[in-house]
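Working notes for the structure below.
The values are calculated or read from the model by the stated rules, or taken from the named source; none is laboratory data. Everything quoted here is computed from the prediction, not taken from an experiment. A quick note on method: Cβ atoms are made from the backbone with ideal geometry, for glycine too, and the neighbour counts reach across all protein chains shown. Just the protein is used for accessible areas: all its heavy atoms, side chains included, with ligands, DNA and RNA removed. Shrake-Rupley method; radii C 1.70, N 1.55, O 1.52, S 1.80 Å.
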Amino acid sequence: MTSTKILIIGGGFAGAATAYQLTRAGEGDILILEQEELPGLHASGQNAAMIREVVSDPDVMKLARDGARFLRNLPGDWTSLIDYSQNGALLLVNNNSARDLEVSATGAASLGIACEWLTRQQVIARVPVLKNASFDKGLWCPGDGVVNPHGLLTGYLD
């Protein structure tokens with residue numbers, strides 16, 4: 001019978017990132033158990049790979065901010081190419097449903113997350129295909145982007 005100090009069940013993003021951070025913190029003797037023959041066959045490998053910082057929950061927003069910063073400034077021990085593309089995100093709302101996003105935008109600004117309100121005309125100037133869409137304004141989040149989920153998972157596992 002063998003033993004290990006830390007056992008992690010699941011080799012997707014949650015398990016792999018946990019093992020990576022524990023290793024960076026000086027922990028050793030970590031074992032990841034994955035039921036599939038390869039990690040990332042389910043949600044971790046088949047998600048939209050969107051990196052969004054402005055979200056409704058303030059605690060999750062802090063984690064999202066820190067995660068995006070991590071991707072923009074990978075540590076020196078990172079070995080995998082992640083193909084992070086910081087192309088921004090545009091969140092559209094109608095005036096009668098904008099309150100929640102306005103609260104989130106205020107929280108984002110207090111956390112140092114860049115975002116900017118755009119009028120309907122400014123949004124259409126940037127994205128002309130939206131000229132017939134139903135919205136009143138948009139929140140531009142320039143730090144958002146997409147990442148290659150396989151490269152990110154590989155980096156954590158490496």
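Things to note:
- Net dipole in debye of the chain [+1 Lys, Arg Cβ; -1 Asp, Glu Cβ; about Cα centre; nearest 20]: 660 debye
- Near the amide H of I51, within less than 5 Å, lie the amide hydrogens of G145, V146, V147, all on another chain or at least 5 residues away, with H placed in the peptide plane.
- Highest-MSF residue in the chain out of I30, I82, I113 [GNM, Cα springs under 10 Å]: I30
- Rg in Å to one decimal, and Dmax rounded to a whole Å, for the chain via C-alpha atoms: 19.1, 68
- When nucleic acids and ligands are ignored and a 1.4 Å probe is applied, F13 ends up with an accessible area of around 50 Å².
- Residue-normalised accessible area of segment 4-130, expressed per residue, 1.4 Å probe, Å²: 62 Å²
- Segment 118-138 and segment 1-78 have their alpha-carbon centroids 36 Å apart.
- Exposed-loop-free span, longest in the chain, where trypsin sites (Lys or Arg not before Pro) count as exposed if DSSP calls them loop and at most 12 other C-beta atoms lie within 10 Å: 6-130
- Farthest positive-ward along segment 49-91 dipole, Cα basis, beta-carbon charges - from S85, P75, L63: S85
- Over segment 79-142, relative contact order from alpha-carbon pairs under 8 Å, at least 6 apart, %: 50 percent
- Accessible surface ranking that places the most exposed of D59, D77, D158 first, with a 1.4 angstrom probe: D158, D59, D77
- Residue by residue, segment 68-84 carries 3J(HN,Hα) couplings of 5, 4, 4, 5, 6, 9, 4, x, x, 8, 6, 10, 9, 6, 9, 6, 7 Hz when phi is fed to the Karplus relation 6.51 cos²θ - 1.76 cosθ + 1.60 (θ = phi - 60°); x denotes Gly or Pro.
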